[in-house]
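Taking it in order: structure first as structure tokens, then the write-up.
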Amino acid sequence: MAMVNIRRDVEDKFYRYKMPLLQIKVEGRGNGIKTVVPNMEDIARALNRPPTYSTKYFGCELGAQTSMASERYIVNGAHTADRLRELLDNFIEQFVLCPSCKNPETELVITGKSGHEDIHRDCKACGRQNGVNMRHKLIAYIIKNPPLKKDKGKKGKKGGMTAEANVGGPMVFEKNAEDGSGEDEGSPSGTPAPGDQSVPTTGTDIDAVLGRSDPTLGNPDEAEEISKKLAKVDVNGGDDDDDEDADSPYALLGGWLEENKEASDADVIEKIKEYGLAGKYKVLVEIGHHIFSDEVSKEITKRIPLLQALVTSEKHQKALLGGLERLLALSPNTDSLLAAGTTSKVLMILYQDDLLDEELVKQWGTHVSKKYVDKEKSKKVRKSADAFLKWLDEADDESESE
Ligand SMILES: [Zn+2]
């Protein structure tokens with residue numbers, strides 16, 4: 001992988017802060033033409049920023065829509081590598097480098113009350129704090145999607161990023177997990193990436209879940225074991241590759257939903273048609289995964305009419321369960337969500353509204369599957385459905401004894 005200085009104006013080849021040279025791939029044509037940045041995650045890791053920030057920055061600067069689903073980072077329209085590299089330089093200048101000492105080892109810290117936030121760059125090298133341009137369009141996105149806080153240990157809560165959080169974090173585990181998914185090959189392990197910190201993503205990042213939210217990940221051995229399992233999942237789960245591909249209309253729909261969680265039912269249906277996915281059962285995976293937030297047990301009530309319009313067969317029901325499984329298992333707050341019995345609450349609502357057949361949901365509840373998330377996660381999600389499944393059984397017994 002070609003490496004360049006994070007400050008490309010510095011020609012010193014011994015400059016210690018390197019990042020991979022931004023690569024692009026233009027895909028599609030006509031109105032659907034788009035520019036994929038396949039190594040955005042690696043770049044973002046070197047910059048100690050979420051890959052969503054730089055992608056969104058491109059979108060703001062180019063007036064283009066972005067899509068950041070399934071760990072693929074895409075800007076609509078055809079753009080040259082040179083143009084995006086220039087924009088990346090600007091992003092680094094405005095949101096990464098310390099203006100005082102020009103060192104990239106900074107963190108973004110959000111302070112202030114909701115509606116009156118302030119963001120500054122907290123410099124590890126010189127200790128100064130410098131603001132950012134609060135009028136930039138990216139600001140709203142950063143405030144809505146703050147960098148992950150890491151000082152609380154196992155739970156990756158959203159919030160401001162703190163300075164001390166950076167040291168000795170779960171990086172080792174995350175590296176292992178990434179090796180398992182084959183994403184991290186050729187990564188500059190010798191390069192002192194600023195802070196050497198993992199990069200929070202939009203919540204679909206399995207590494208984030210493994211690294212931050214899983215209290216069972218006490219030591220690297222366990223992480224390695226899980227990474228092996230993940231590798232296996234990759235091999236065996238090949239038949240699902242088509243809907244993970246950023247090219248696929250499913251991924252685009254997922255990205256759109258992620259950014260438009262408040263969209264009306266009518267708009268969602270319109271969008272599904274636009275992507276040529278009307279009637280497709282896999283649409284429900286995207287809906288389950290991307291239209292809801294951690295508040296899914298409250299939000300789902302409002303979406304019952306939409307779900308009733310979309311769920312037309314058992315396949316659709318299973319896909320919806322799969323999407324919700326991803327939502328719950330891959331949330332940065334998965335442990336607290338599952339501990340709160342969110343799965344049971346959601347299933348109960350779906351069942352009461354005739355969106356799930358009893359036999360189907362029982363089958364789902366008793367069969368761990370690695371189709372949508374890894375086995376460990378799958379097991380945990382089902383465990384969080386215990387109360388509902390038990391209720392189903394008891395309701396059965398009662399009707400039998402009548
Ligand atoms: Zn500084």
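One table, with the values for the structure above:
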item	result
Residue match in region 128-138 (condition: in contact with a helix residue (DSSP H, G or I) (Cβ under 8 Å, 6 or more places away or on another chain), part of a helix (DSSP H, G or I) and assigned by TED's automatic domain parsing to the domain that holds Pro38)	yes
Glu107 being among the acidic types (Asp, Glu) and within 16 Å of the ligand (Cβ to nearest atom)	yes
Of the criteria (1) within 16 Å of the ligand (Cβ to nearest atom); (2) more than 21 Å from Lys137 (Cα to Cα); (3) outside any loop (DSSP other than H, G, I, E, B), which one Ile92 fails	(2)
Cβ pairs under 8 Å, 6+ apart, first in region 49-73 and at positive phi, second open to solvent by 20 Å² or more (accessible area, probe 1.4 Å) and in a helix (DSSP H, G or I)	Ser70/Glu244; Glu71/Glu41
Test result for Glu299, surrounded by fewer than 18 Cβ atoms within 10 Å (Cβ to Cβ), in the same structural domain as Ala278 (by TED's automatic domain parsing) and not hydroxyl-bearing (Ser, Thr, Tyr)	yes
Any chance Leu337 is surrounded by 14 or more Cβ atoms within 10 Å (Cβ to Cβ) and under 21 Å from Ala263 (Cα atoms)	no
Residue in region 32-45 that is nearest to Gly276 (Cα to Cα), counting only those that are open to solvent by less than 10 Å² (accessible area, probe 1.4 Å) and touching a helix residue (DSSP H, G or I) at 6+ places or on another chain (Cβ under 9 Å)	Thr35
Boolean, Arg49 is open to solvent by 50 Å² or more (accessible area, probe 1.4 Å) and not assigned by TED's automatic domain parsing to the domain that holds Glu286	no
Residue in region 150-167 that is at pLDDT 50 or above, in the same structural domain as Gln65 (by TED's automatic domain parsing), open to solvent by less than 70 Å² (accessible area, probe 1.4 Å) and more than 16 Å from the ligand (Cβ to nearest atom) present	yes
Strands (runs of 3 or more DSSP E) enclosed by region 1-74 - at least 1 residues per element that are among the acidic types (Asp, Glu)	25-27
Index of the failed condition, Gln23 passing every other in (1) open to solvent by 50 Å² or more (accessible area, probe 1.4 Å); (2) in contact with a strand residue (DSSP E or B) (Cβ under 7 Å, 6 or more places away or on another chain); (3) of a type outside the set (Ser, Thr, Tyr)	(2)
Candidates Leu277, Leu350, Leu356, filtered to the one that is over 30 Å from Gly32 (Cα atoms), at pLDDT below 95, assigned to a loop (DSSP other than H, G, I, E, B) and open to solvent by less than 20 Å² (accessible area, probe 1.4 Å)	Leu356
Residue tally, condition surrounded by 16 or more Cβ atoms within 10 Å (Cβ to Cβ) and assigned to a loop (DSSP other than H, G, I, E, B), over region 103-127	5
Residue among Ser54, Ser70, Ser100 that is among the small types (Gly, Ala, Ser) and within 16 Å of the ligand (Cβ to nearest atom)	Ser100
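The values are calculated or read from the model by the stated rules, or taken from the named source; none is laboratory data. None of the values given here were measured: they were computed from a predicted structure. All Cβ positions, glycine included, derive from the backbone under ideal geometry; neighbour counts span all protein chains shown. Heavy atoms of the whole protein, side chains included, go into the accessibility calculation; ligands, DNA and RNA do not. Shrake-Rupley method; radii C 1.70, N 1.55, O 1.52, S 1.80 Å.
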